[in-house]
1. Do you know which residues across the stretch 113-146 are open to solvent by 30 Å² or more (accessible area, probe 1.4 Å) and either in contact with a Ser or Thr (Cβ under 9 Å, 6 or more places away or on another chain) or under 22 Å from R36 (Cα atoms) (or both)?
2. Conditions: (1) closer than 30 Å to L124 by Cβ; (2) out of contact with any helix residue (DSSP H, G or I) (no Cβ under 8 Å at 6 or more places or on another chain); (3) not in a loop (DSSP other than H, G, I, E, B). L14 meets all but one. Number of the miss?
3. If you take the residues in the stretch 24-49 that are free of Cβ contacts under 8 Å to residues at least 12 places away in the same chain, open to solvent by 30 Å² or more (accessible area, probe 1.4 Å) and of a type outside the set (K, R), which one is farthest from V9 (Cα to Cα)?
4. Which pairs do you get when a residue that is without any contact (Cβ under 8 Å) to a residue 12 or more places away in the chain and closer than 15 Å to W38 by Cα, found in the stretch 1-19, comes within reach of a residue that is open to solvent by less than 80 Å² (accessible area, probe 1.4 Å) and not in a helix (DSSP H, G or I), reach meaning Cβ atoms under 7 angstrom, with the pair 6+ apart or on two chains?
5. Can you tell me which of G115, G151 is small (G, A, S) and at positive phi?
6. How many of the residues making up the stretch 50-72 are closer than 24 Å to V139 by Cβ, in contact (Cβ under 8 Å) with a residue 12 or more places away in the chain and polar (S, T, N, Q)?
7. What are the pairs with Cβ atoms under 7 angstrom where one residue, in the stretch 114-130, is more than 17 Å from Y87 (Cα to Cα) and aromatic (F, W, Y) and the other, located anywhere, is part of a helix (DSSP H, G or I) and open to solvent by 30 Å² or more (accessible area, probe 1.4 Å)? Sequence gap at least six, or different chains.
8. Does the stretch 88-113 hold any residues that are small (G, A, S) and either within 26 Å of V164 (Cα to Cα) or without any contact (Cβ under 8 Å) to a residue 40 or more places away in the chain (or both), and which are they?
Amino acid sequence: MLISWVLHVGFVKLIPTVSKHFAPELYRRMSKEDKRAWKTSMVGLVHAVYDSWFIIRYFNDPVLNNDRMDGYNPQFELYLALAMGYYAWDLTVCILNFKSYGPMYLIHAGLGVFGILIMTSRHLQFYAIPFLLPEFSSVFLNIRHLLKSAGLSKTLAYKINFIVFL
């Protein structure tokens, strides 16, 4: 989990360099607040994509489905450790930026940490999948935040993403 948290922090540090290289004009125009939101949404998008992949991969896992209370899959445990690192990073961001995010984001991040802690107790792994199902919509939510941060909230891409998000 600690390694995952460090990787998330490192990814945040890498985003400005990558953004300046791939979208220099767009990134240059952003305000300081938009750049912070851009970084957070990029990390959130990557997390939501790998969350979605793991959920799809393990949705019908025979080990977890056959014993919903004590079923244990070591590979799924690795995924849960990665997810825990993200939620710990997200909780840190919400605490440090409480004025910007407010209590709802803090509660969301706190529930993520608490929920994953319960699921990594070697019991109840099966229930991590329905617990994390809302992360599917996070892909589109983070794309929305990215487009908004980039000043593209009046574009067709923004509207299409909104429709798919619903």
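The values are calculated or read from the model by the stated rules, or taken from the named source; none is laboratory data. If you're wondering where the values come from, they're calculated on a predicted model, not measured in any experiment. Note that we place each Cβ from the backbone using ideal geometry, even for glycine, and neighbour counts take in every protein chain shown. We work out accessible area using only protein heavy atoms, side chains counted, and drop any ligands, DNA or RNA first. Shrake-Rupley method; radii C 1.70, N 1.55, O 1.52, S 1.80 Å.
1. If the condition is that a residue be open to solvent by 30 Å² or more (accessible area, probe 1.4 Å) and either in contact with a Ser or Thr (Cβ under 9 Å, 6 or more places away or on another chain) or under 22 Å from R36 (Cα atoms) (or both), then F136, S137, F140, L141, I143, R144, H145 are the ones that fit.
2. Among (1) closer than 30 Å to L124 by Cβ; (2) out of contact with any helix residue (DSSP H, G or I) (no Cβ under 8 Å at 6 or more places or on another chain); (3) not in a loop (DSSP other than H, G, I, E, B), the lone unmet condition for L14 is (1).
3. E25
4. Pairs that qualify, where the first residue is without any contact (Cβ under 8 Å) to a residue 12 or more places away in the chain and closer than 15 Å to W38 by Cα and the partner is open to solvent by less than 80 Å² (accessible area, probe 1.4 Å) and not in a helix (DSSP H, G or I): there are none.
5. G151
6. 1
7. As it stands, the answer is F126/N65, since those pairs meet every condition given.
8. G102, A109, G110, G112, listed by residue number.
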